[in-house]
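Down below is the structure, laid out as structure tokens.
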Amino acid sequence: MRADLERLGRYDEHRVRQRLRDGFSADHTSVIEAGGVFAGCVTLRAEAEAGGGADTQVPGWELEHFYLAPEFQGRGLGTAVLGALLARGDAAGFPVRLTVLRGSAARWLYERHGFTVTGQDSADVFMLRRPSAREE
């Protein structure tokens, strides 16, 4: 994420660390391992717990802090993790929202999984994925 923040002229080491600390929730954060090695982390929680949802009409989940170490990117791991998380949202019938930095390659991953843009500002793109139809 550092490269994207630097590209946008918004990298501040203190601010980045504080944002992670402020948003960290052990109850909702999963460690991602590949071959027994730490590969990253991801947080998925109800929007009320994430502080989001102020502009939403339907309850949902917020996907936050989805980080993969560079050596694990582009190898299908992010696709597998995201697919598993979205399957949980589909089973519960909840939409999933997230924020991605403008120009981030991760946006392509999210769009492939059905996320659409709901808004943006000078640094962020806000996205939503509605639950897929479930087989009854």
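Once the C-beta distance of residue 91 and residue 121 is scaled by a Förster radius of 25 Å, the resulting FRET efficiency is 0.20 to the nearest 0.05. Multiplying the residue separation of residue 71 and residue 30 by 0.36 nm and removing their Cα-Cα distance gives an extension gain of 12.9 nm.
No value in this document is a laboratory result; all are computed from the given coordinates. What you see is a predicted model, and the numbers here were worked out from it, not measured in a lab. Ideal geometry is used to build each Cβ from the backbone, glycine not excepted, and the neighbour counts take in all protein chains shown.
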